[in-house]
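Down below is the structure, laid out as structure tokens.
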Amino acid sequence: MSLRKIVVLGTGGTIAGTAASAEDNLGYTAAQIGVDRLLAAIPSLQGQQIESEQVAQIDSKDMDFEIWLRLAQRCAHWLAQEDTQGIVITHGTDTLEETAFFLQAVLSPGKPVVLTCAMRPATALVPDGPQNLLDAMAVARTPGAQGVVAVCAGKIHSALDVQKVHPYRLDAFSSGDAGVLGFVEEGAVRLLRAWPDAPAIKSPPALSAPHQWPRVDIVMSYAGVDASGVRAMIAQGAAGMVVACTGNGTLHHDLEAALLEAQAQGVQVVRATRCAEGRVLPGVADALPDARGLSPVKARIALMLALMT
Ligand code: SIN
């Protein structure tokens, strides 16, 4: 076994959640148990080289830029230490894919940063968190592992592809067309694809104070949509907009007119697809650039970071 340390950063989520009854997998409160207690509940981790730190304690639906900045800074701090083998982050499932993409974009780590989570609270009769945490530790300890990945239900997903696709089942994540990176089976990693090694965006910016981060909003195209949402976002100071388009990047004509007007005023507009899988295939005459395969929430982060540079 490696003697180098794994750093576990706690941020809350259902993995740290508690319910009044062990049979209640829905009526719980997320982010109640500290990361130290989550680790202490797993016998095989005792005696291992592990440092832990509670970076936040939230339901991840409430994720914000301050926590993202702190998380990126704490990851950078620990990754720079020679004796750190990798980082595990306990996180809520709801915005896990956004945090994973953000961290890959700003850090592109040469060591593994493994986000893990749970769909059932820690007090459940059969909780999934301890196994997910154990699997994430195994991934972080795997020689050659690198980049930001997510581990849930025995599957390893890359930050670029991972998406929550189910609100209830334990295997709640998918990597869509790309497929999973690999599996964790009884503590062993079976890799199907290469670890993430490319930056998620071209030129990651130096991160300023969160109140200076540019505002980028998401708007969706749907039957009967009008321009009022776009106008309201511009009035709120949006510097960029991602539109979750129908199908292969098509837009309701009223929304398209409003977005072209926004673009003419200097707002950066990017088209993603609202389809769960696949990507917008660009055409030569596209007036609005496409999101290069990113989902709307990830395209928003990419645009926000691009606007910072
Ligand atoms: C959260 O995202 O923090 C709550 C939901 C979950 O972790 O499954």
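The values are calculated or read from the model by the stated rules, or taken from the named source; none is laboratory data. Note that the structure is predicted; figures quoted are calculated from it, not measured. Neighbour counts run over all protein chains shown; Cβ positions are idealised from the backbone, glycine included. Each accessible area value is taken on the protein alone, full model and side chains, heavy atoms only, with ligands, DNA and RNA left out. Shrake-Rupley method; radii C 1.70, N 1.55, O 1.52, S 1.80 Å.
A few remarks follow.
- Rounded tilt (10° steps) of 65-79 against the dominant C-alpha axis of the chain: 50 degrees
- Loop trypsin sites (Lys or Arg not before Pro), region 78-175 (other Cβ atoms within 10 Å of the site Cβ: 16 or fewer; DSSP): ARG169
- Accessible solvent surface per residue of region 214-308, calculated while the other protein chains remain in place, 1.4 angstrom probe, Å²: 48 Å²
- Computed over region 145-233: relative contact order in percent, which uses C-alpha pairs under 8 Å that are six or more apart: 21 percent
- Under a Gaussian network description of the chain, with springs only between Cα atoms under 10 Å, the residue in GLN85, GLN212, GLN131 that fluctuates furthest is GLN212.
- Rg [Å, one decimal], Dmax [Å, integer] - the chain, C-alpha atoms: 19.9, 62
- Computed about the Cα centre, the dipole magnitude for region 1-121 is approximately 360 debye when only Lys and Arg (+1) and Asp and Glu (-1) carry charge, each at its Cβ.
- Region 214-308 - Debye-derived log10 I(q)/I(0), Cα point model, q = 0.17, 0.20, 0.22 Å⁻¹: -0.64, -0.90, -1.10
- Portion, in percent, of the accessible area of region 5-191 that falls on carbon or sulfur, probe 1.4 Å: 50 percent
- Rounded if a/c under 1.5, otherwise prolate or oblate - region 1-151, Cα gyration tensor axes: oblate
- Length-normalised contact order of region 214-308 in % [C-alpha pairs under 8 Å, at least 6 apart]: 31 percent
- Centre separation in Å (Cα based) which lies between region 45-77 and region 263-306: 29 Å
- Out-of-range pairs (alpha-carbon distance over 26 Å; input LYS5/LYS61; LYS155/LYS298; LYS111/LYS298): LYS5/LYS61
- Electrostatic bookkeeping for LEU255 treats Lys and Arg as +1 and Asp and Glu as -1; over the other residues with beta carbon under 14 Å from its beta carbon, the sum is -2.
- Cα-centred dipole magnitude for the chain, charges only on beta-carbon of K, R (+1) and D, E (-1), debye, nearest 20: 480 debye
- Normalised contact order of the chain, rounded percent, pairs of Cα under 8 Å and 6 or more residues apart: 14 percent
- Region 5-191 - accessible surface per residue (Å², probe 1.4 Å): 38 Å²
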